[in-house]
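So the structure is just underneath, and the comments pick up after that.
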Amino acid sequence: MLKRYLLAPGPTQVPPEVLLAMATPVIHHRAPEFADLFGRVRNDLKTVFQTAQDVLILASSGTGAMEGAVSNFLSPGDKAIVINGGKFGERWGKLCQTFGVHVVEIKVEWGQEVDPQLVHEALRKDPSIKAGYVQASETSTGIAHDIKALAELVRERDETILVVDAITALGVFDIPTDAWALDVVVAGSQKAFMLPPGLAFVSVSEKAWRLAEKAKNSAFYFNFKKERDAQAKNQTAYTPAVSMIVGLEAVLRMMKAEGLQNMFARQRRLAHAMREAVQAAGLSLFTKGRPSDALTVIAAPPGIDGQAVYKQLREQYGITAAGGQDHLKGKIFRLSHMGYVDTFDVIMGMAAVEMVLKDLGYPIRLGQGVGKAQELLCASAQKAG
Ligand SMILES: *Cc1c(COP(=O)(O)O)cnc(C)c1O
């Protein structure tokens, strides 16, 4: 028997109470029961997004909402800044190109965060720029771009919006949508929302809705205005992912019980312990700037193939983590600690990394990283800290 553990940066672990909620018989989406459920969920989502605006719920993976965040606000020929410092930043660029949007790309070295000054200059040089697209947490490199600073740059511009992919950020660390005046914020179910894949969420500011009124791109399924109008009546334009929404209610109940700030503190504590443990084990963090608390990206040590670590973790120990993408393939491996995770997910992950590296012939002293994680996460240390 090989017991399975999920430490991938999406999909993430789903709490048993959420799985159970989703196992109940499917309710009809035009029945009053569904509208009641949808109303409750919509209301609680606003709390998690920290916004007074409605949060649209879409039946798709995160990329569906990302696509809508381009097609609904921009027209062919419009210009947008894309911050490209990883796989998902690159995706914003591809989406913009798909919809005829002219991309002003700000390339960031993978593992680094964007310098807001560069964005400031790009915006100043070109008053016609309609939007900036960025990741709050770039999952391919583990970086957390400075969303607050970027938002301040577009705040005063009536015709420019900031669109934030917060798919591995919202629910992990503080992204106060309204307080920071974020125009469009995208999240997805299978990351920090600890649900299976299949739902995407998106909040839209008044400024962004004004842009949507003028946009000439066409969207049929991901038509935000149509969804906004339907969802205001606790309906969806098309058949919603009913069982996922039942699960979402269970997740939101858990989030409410823990409290947003406590949830962020837990995530921060785990991420900090993981990063310290990795370094105590003599390994290097790949992420060079502000790290996202969603995951830890570890540089493969000299002579070790990062993909072999990922493979050995899964095949020998039943732990699904993640390797690197594109030019980082083989150079890094990634362990998530977002969502339904606690102390022993981190300790297990660290223990497994040490064991795998030993298996692969790397001279590692077992227990150094684990010891550090234990030290930082035991209750007495937490009380003292
Ligand atoms: C997972 C992820 C996405 C969306 O991916 P889907 O597979 O479409 O859900 C987008 N951005 C980031 C930063 C992600 O981690």
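Read the figures in this text as sums done on the coordinates, not as results from a lab. Because the structure is a prediction, the values reported are computed rather than measured. Cβ atoms come from the backbone with ideal geometry, glycine included; neighbour counts cover every protein chain shown.
For the range 16-257, what relative contact order do you get, as a whole percent, if you take Cα pairs closer than 8 Å and at least 6 residues apart? Don't skip to the end; give the middle numbers.
Working: 468 pairs, mean separation 69.8, N = 242.
This gives 29 percent for the range 16-257.
What whole number of Å gives the distance from the Cα centroid of the range 28-77 to the Cα centroid of the range 188-227?
Using only Cα atoms to place each centre, the spacing works out to 6 Å.
Please find, in a Gaussian network model of the chain (springs between Cα atoms separated by less than 10 Å), the residue of Gly89, Gly323, Gly282 whose mean-square fluctuation is greatest.
Most flexible of the set in this elastic network: Gly282.
Before rounding to the nearest 500, sum -39500 (n - 2.57) across all DSSP H runs of length at least 4 in the chain and divide by the residue total; then give [θ] at 222 nm in deg cm²/dmol. Walk me through the numbers on the way to the answer.
On the way: 14 runs with 166 residues, N = 385.
So the helix-based figure for the chain works out to -13500 deg cm²/dmol.
List the chymotrypsin sites (Phe, Trp or Tyr not before Pro) in the range 207-288 that DSSP assigns to loop (not H, G, I, E or B) and whose Cβ has at most 15 other Cβ atoms within 10 Å. Which are they? Can you show the working numbers first?
Numbers: sites: Trp209, Phe220, Tyr221, Phe222, Phe224, Tyr238, Phe264, Phe286; in loops: Phe220, Tyr221, Phe222, Tyr238, Phe286.
For chymotrypsin sites (Phe, Trp or Tyr not before Pro) across the range 207-288 that sit outside H, G, I, E and B with at most 15 neighbouring Cβ atoms in 10 Å, the list reads Phe220, Tyr221, Tyr238.
Karplus couplings for the range 28-41 from phi (6.51 cos²θ - 1.76 cosθ + 1.60, θ = phi - 60°), rounded to Hz, Gly and Pro as x?
Result, ordered by residue: 6, 6, 9, 7, x, 4, 5, 4, 4, 4, 4, x, 5, 5 Hz.
Can you tell me how much longer the chain between Ala35 and Asp359 gets when fully stretched, taken as 0.36 nm per residue apart minus their C-alpha distance, in nm with one decimal? Working shown, then result.
Details: separation 324, 0.36 × 324 = 116.64 nm, distance 5.37 nm.
Residue separation times 0.36 nm, minus the Cα-Cα distance, leaves 111.3 nm.
Which ³J(HN,Hα) values in Hz, rounded to whole numbers, follow from the phi angles of the range 178-184 under the Karplus curve 6.51 cos²θ - 1.76 cosθ + 1.60, where θ = phi - 60° and Gly and Pro get x?
6, 4, 9, 6, 7, 7, 10
Would you compute the Debye intensity of the chain from its alpha-carbon atoms alone, equal scatterers and no solvent, and pass along log10 I(q)/I(0) at q = 0.09 Å⁻¹ to two decimals?
-0.52
Which shape class, rounded, prolate or oblate, goes with the range 259-384 when its Cα gyration tensor gives a ≥ b ≥ c as root eigenvalues, a/c under 1.5 marks rounded, and past that a/b bigger than b/c marks prolate?
Values: a/c = 1.84, a/b = 1.47, b/c = 1.25.
Prolate, since a/c reaches 1.5 and a/b exceeds b/c.
How many angstrom lie between the Cα centre of the range 271-299 and the Cα centre of the range 301-358?
12 Å
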